[in-house]
Amino acid sequence: MAETNEKLFSEFPPVTPQEWVDKIKVDLKDVPYEKKMIWKTGEGFNVNAFYTAEDIENLKTAQSLPGEFPYVRGTKVSNDWLVRQDIDVKDFKAANEKAKKLLVESGVTSLGFHFKGDFATKENVSVLLDGIFPEMTELNFKTCNRKAGELIGILAEIYREKGSDLSKCKGSVGYNPFKKPLVKGKAADDWVAETIQIFEASKALPKYKTIAVDACFLSDAGAYITQELGYALANGNDILAKLSEAGLPVDKIAKKIKFNFGVSSNYFMEIAKFRAARRLWAEIVNAYNPICKGGCSEEEQPCTCACKIRIHARTSEWNMTIYDAHVNLLRSQTEAMSAAIAGVDSLAVIPFDEMFKKPNDFSERIARNQQLLLKEECHFDKVIDPSAGSYYVETLTESIAQTAWKIFLEVEDRGGFGAAANAGEIQKAVNASNAERKKQIATRRLTLLGTNQYPNFREQANDEIEIPVVASDCGCGNGGTVTKLDFSRGAEDFEILRLATEKSGKRPKVFMLTIGNLAMRLARSQFSSNFFACAGYEIVDNLGFETVEAGVKAAREKQADIIVLCSSDDEYEALAPEAFKLIEGREAFVVAGAPACMDALKAAGIEYFINVKSNVLETLQMFNNKFNIN
């Protein structure tokens, strides 16, 4: 068959974007296009209802190839990634046995070991790495900053004794220069000198990344995607700037930095974030004109390989929940898909139960399998940057890049990331985003399934929670004077509320007094049931009553604490005062909705109304206080 370049559907006339907009406006009738069809994101830019080829025709990055500067489509020529599992090490022998089993039986290709600084001894690390070959597996270590340099030396010594080729050993030691201000609330006054010491120590392990940009801290603290990226870039740039000013070669510095990003459930934006991160970091490093002094094929030439970002991704903690915990599997699966499609270098999926107990073999296996399914059954590792060319993703990549770059420049104007973090400015901005997003959860503008919307009415979580003793991992966590990141999760306020109900032994009973218009009473009883179940209250729903009097009588037979009138707006004018009079304040009386007669009903003494504009959290907190549930 002869080849042809004929385009499909060429017989149809082209449709311009404006024609699409005009057609949509006709369908919307009197609803403003901008109100209904433009999404105002918390990330600092708007998202349109649709995109066309015209939106990306001037984007140079849309024409680039994988493995080519500025690496928007990837720093490598495959989409394979390392499946990582982190191990919290307390017993080094047991951790060693677990690690070897993971490597042999579980599909893990990267290990992370976390242990306290006081345990970072040669004896312990030797036990930990017994039978593990550092040339064959990426090994990542995280301990207290003050022990990081010593740990690098211990690793190099152990690898030599194993007979390993140190130039082939790959991994990381997670020294974070800004952990003190971000996490501990203490200024990092000597971070430049300390980072130089880490850099010098890491020469013994040339392929090891030893300087960590922990953007995951920002993600776990509720930062918006553009904040996470913009601040991460500023973090990395401050390290480049200060260490190069001290005389260290930029190409060597850049190759020692590893970015550890979080991944939220904002599916397409997360894909775009990683694409934008590769591009912007490449441009930042390239601006320093790095010259390779050895170690790659570009020796004594401008070193574009130094511009390649190294990205480890970890699924989010901020949006994980205690109640309906298996929904965490859906969240982390979406997040893992975003990271895999975006082409990260390694990925760790948090077990679904990590927020309330120590993960067991089952939850850890499921977390690993979430990645393995993407590889072995979905073949996500076979196609490089599959989102390339998507009008939406390409435009998102550009929008995120531009907004993150503005944040980056703002930090630079304040003297760089170190100065801003020591002043608490980064933390305050992220904490403000955390508070804003929690308000969206409280008002249900943002849904956490099973927590603030569609809760499991009968679920009891208190007995499932293991509350560990939280202790600092080193002696540098006390006496902080700098604002710290707020790591409270989005669901925590609702969880505290519901756990208080469980612990109190006073589970208030909410009775749905459904009457009148069939469609409205059913819709409002369902809404009200979901509303009060978010606090763990017992729900008594009903099909309907012929009279208000019959409804109130049935509520008292059920020993209700709260009676919710569920009907239509038009009927509330007569039904609500009648119900209120019959109840006589013996039970809390709530009207479901926001009828036009609400002011008149309030004037008659009716106090409680719930509707889609209610602050669910504050309303339920008020009822908990009313029933002395604390």
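The values are calculated or read from the model by the stated rules, or taken from the named source; none is laboratory data. None of these values were measured; they are calculated from a predicted model. Heads up, the Cβs are rebuilt from the backbone with ideal geometry, glycines too, and the neighbour counts pull from every protein chain shown. Calculation scope for accessible area: heavy atoms of the full protein, side chains included, ligands and nucleic acids excluded. Shrake-Rupley method; radii C 1.70, N 1.55, O 1.52, S 1.80 Å.
Could you list all residues from segment 478-493 that are at pLDDT below 90 and touching a helix residue (DSSP H, G or I) at 6+ places or on another chain (Cβ under 7 Å)?
480
Each row is one residue, and each column tells you yes or no for (1) under 28 Å from residue 233 (Cβ atoms); (2) in contact with a strand residue (DSSP E or B) (Cβ under 7 Å, 6 or more places away or on another chain); (3) β-branched (Val, Ile, Thr).
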site	(1), (2), (3)
291	yes, yes, yes
336	yes, yes, no
339	yes, yes, no
354	no, no, no
368	no, yes, no
373	no, no, no
384	yes, no, yes
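Look at residue 353 and say whether it is open to solvent by 40 Å² or more (accessible area, probe 1.4 Å), at pLDDT 95 or above and over 30 Å from residue 382 (Cβ atoms).
Spelling it out, it is not the case that residue 353 is open to solvent by 40 Å² or more (accessible area, probe 1.4 Å), at pLDDT 95 or above and over 30 Å from residue 382 (Cβ atoms).
What tally of residues in segment 300-334 results from selecting those that are farther than 21 Å from residue 433 by Cβ, among the aliphatic types (A, V, I, L, M) and outside any loop (DSSP other than H, G, I, E, B)?
Looking only at that region, the number is 5.
Could you grab me the full set of residues in segment 247-264 that are within 22 Å of residue 415 (Cβ to Cβ), open to solvent by 10 Å² or more (accessible area, probe 1.4 Å) and out of contact with any Ser or Thr (no Cβ under 6 Å at 6 or more places or on another chain)?
Scanning segment 247-264 gives 247, 248.
Return the only residue of 44, 67, 74 being under 25 Å from residue 265 (Cα atoms), in contact with a Lys or Arg (Cβ under 9 Å, 6 or more places away or on another chain), open to solvent by less than 40 Å² (accessible area, probe 1.4 Å) and part of a loop (DSSP other than H, G, I, E, B).
The match here is 74.
Considering only segment 113-170, state which residues are assigned to a helix (DSSP H, G or I), within 18 Å of residue 95 (Cα to Cα) and open to solvent by 30 Å² or more (accessible area, probe 1.4 Å).
Matches in segment 113-170: 118, 119, 122, 123, 124, 126, 127.
Let me confirm something: among 80, 86, which residue is of a type in the set (Asp, Glu), touching a residue at least 60 places away in the same chain (Cβ under 8 Å) and in a strand (DSSP E or B)?
Going through 80, 86 in turn, the sole match is 86.
Residue 580 fails exactly one of the following numbered conditions: (1) open to solvent by 60 Å² or more (accessible area, probe 1.4 Å); (2) in a strand (DSSP E or B). What is the number of that condition?
In the conditions (1) open to solvent by 60 Å² or more (accessible area, probe 1.4 Å); (2) in a strand (DSSP E or B), residue 580 misses (2) alone.
Are any residues in segment 455-464 at pLDDT 90 or above and either open to solvent by less than 50 Å² (accessible area, probe 1.4 Å) or of a type outside the set (Lys, Arg) (or both), and if so, which ones?
455, 456, 457, 459, 460, 461
Being under 29 Å from residue 483 (Cβ atoms), surrounded by fewer than 21 Cβ atoms within 10 Å (Cβ to Cβ) and free of Cβ contacts under 8 Å to residues at least 40 places away in the same chain, is that true of even one residue in segment 326-344?
Within segment 326-344 (the criterion being under 29 Å from residue 483 (Cβ atoms), surrounded by fewer than 21 Cβ atoms within 10 Å (Cβ to Cβ) and free of Cβ contacts under 8 Å to residues at least 40 places away in the same chain), the answer is no, since none of the residues qualifies.
Say whether the condition of being part of a loop (DSSP other than H, G, I, E, B) and buried (at least 17 other Cβ atoms within 10 Å of the Cβ) is met by at least one residue in segment 518-527.
no
Do you know which of the residues in segment 591-630 that are of a type in the set (Lys, Arg) and surrounded by 13 or more Cβ atoms within 10 Å (Cβ to Cβ) is farthest from residue 452 (Cα to Cα)?
Per the criteria, the residue is 602.
With the condition kept exactly as written, say whether any residue in segment 256-272 is in a loop (DSSP other than H, G, I, E, B), over 29 Å from residue 49 (Cβ atoms) and out of contact with any Cys (no Cβ under 7 Å at 6 or more places or on another chain).
Within segment 256-272, one or more residues are in a loop (DSSP other than H, G, I, E, B), over 29 Å from residue 49 (Cβ atoms) and out of contact with any Cys (no Cβ under 7 Å at 6 or more places or on another chain).
Which of the numbered conditions does residue 217 fail, given that it passes all the others? Conditions: (1) in a helix (DSSP H, G or I); (2) open to solvent by less than 20 Å² (accessible area, probe 1.4 Å); (3) among the aromatic types (Phe, Trp, Tyr).
That leaves (2) as the condition not met.
So residue 315 fits all but one of (1) touching a helix residue (DSSP H, G or I) at 6+ places or on another chain (Cβ under 9 Å); (2) without any contact (Cβ under 8 Å) to a residue 40 or more places away in the chain; (3) of a type in the set (S, T, N, Q); (4) buried (at least 24 other Cβ atoms within 10 Å of the Cβ); what number is the exception?
Here residue 315 meets the rest and fails (2).
Give segment 49-64 a look and list any residue that's in a helix (DSSP H, G or I) and of a type in the set (D, E, K, R), or say none.
54, 55, 60
One line per residue, one yes/no per condition, for (1) surrounded by fewer than 20 Cβ atoms within 10 Å (Cβ to Cβ); (2) at pLDDT below 95; (3) closer than 30 Å to residue 437 by Cβ; (4) of a type outside the set (A, V, I, L, M):
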| position | (1), (2), (3), (4) |
| --- | --- |
| 476 | yes, yes, yes, yes |
| 510 | no, no, yes, no |
| 515 | no, no, no, no |
| 549 | yes, no, no, yes |
| 555 | no, no, no, no |
| 563 | no, no, no, no |
| 572 | no, no, no, yes |
| 575 | no, no, no, no |
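With 364, 354, 412, 394 as the choices, which residue is of a type outside the set (Lys, Arg), closer than 17 Å to residue 333 by Cβ and assigned to a helix (DSSP H, G or I)?
Criteria check complete, one pass: 364.
Considering only segment 486-495, state which residues are within 23 Å of residue 609 (Cα to Cα) and either in a loop (DSSP other than H, G, I, E, B) or open to solvent by 10 Å² or more (accessible area, probe 1.4 Å) (or both).
Hit for segment 486-495 is 493, nothing else.
Name every residue in segment 379-394 that is touching a helix residue (DSSP H, G or I) at 6+ places or on another chain (Cβ under 8 Å) and either among the acidic types (Asp, Glu) or surrounded by fewer than 19 Cβ atoms within 10 Å (Cβ to Cβ) (or both), in order of residue number.
Within segment 379-394, 381, 385, 386, 389, 391, 392, 394 meet the criteria.
Please verify whether segment 30-38 includes one or more residues that are in a loop (DSSP other than H, G, I, E, B), modelled with pLDDT under 90 and open to solvent by 90 Å² or more (accessible area, probe 1.4 Å).
Among the residues of segment 30-38, at least one is in a loop (DSSP other than H, G, I, E, B), modelled with pLDDT under 90 and open to solvent by 90 Å² or more (accessible area, probe 1.4 Å), which makes the answer yes.
Considering only residues that are on the phi > 0 side of the Ramachandran plot and either free of Cβ contacts under 8 Å to residues at least 40 places away in the same chain or assigned to a strand (DSSP E or B) (or both), which ones fall in segment 500-517?
Scanning segment 500-517 gives a single hit, 505.
Mind checking whether some residue in segment 435-446 is part of a loop (DSSP other than H, G, I, E, B), open to solvent by 20 Å² or more (accessible area, probe 1.4 Å) and either within 15 Å of residue 318 (Cα to Cα) or hydroxyl-bearing (Ser, Thr, Tyr) (or both)?
yes
Quick one: residue 244 ticks every box in (1) open to solvent by 10 Å² or more (accessible area, probe 1.4 Å); (2) outside any helix (DSSP H, G or I); (3) of a type outside the set (Phe, Trp, Tyr) except a single one, so which number is it?
All conditions pass for residue 244, except number (2).
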